[in-house]
Amino acid sequence: MSQLHIPPWPFPWMASRVIERWLGMPIAGISPRRRISGITAPLMLIHGESDRLIPSAHLDMLFSSANKANTQRLLIPHCGHSDIALDPVCVRSAIAFLRESLSSNGSGRKRSIHTESTVWERSQADEDFSREPIGNRVVFD
């Protein structure tokens, strides 16, 4: 911010006040740690062990605040922040979790879940999809 000649105070304080006004609540009110205990649906927390943006200790912090009866956690070794979705262990675990969690939608009606072999990568140049396959995707009927 110093390169832009923006003083360290009061700009961050003012920005947080604008965001809070837009949210209609304090920023602390949307904290995952505070909100996670209210989640009653099945929940799977997945984190990359080599994530440099968010420390893996956050996984344990969130899990400690979550409802243990419906929460699973998975720490993926050798994965960072963005490459975790490409890890085969992560994909298999997420699909197994979804199969178990979504096998009934509350009405007693079973839902079928299958995977397709190709997912198309979103191009960074524009918002269109390229034709480069990057992995599997889960489809719900």
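No value in this document is a laboratory result; all are computed from the given coordinates. On a predicted model such as this, the values are computed, not experimentally measured, just so you know.
Applying 0.36 nm per residue to the separation of Met25 and Ser101 and subtracting their alpha-carbon distance, the gain on full extension is 24.2 nm.
Once C-alpha pairs closer than 8 Å and six or more residues apart are averaged by separation and normalised to the residue number of the range 1-98, the relative contact order reads 25 percent.
Once the Cα-Cα distance is subtracted from the 0.36 nm per residue extended length, the Asp60 to Trp13 segment shows a gain of 14.0 nm. For the pair Ser37 and His78 in one chain, pulling the backbone fully straight at 0.36 nm per residue adds 11.9 nm over the alpha carbon distance.
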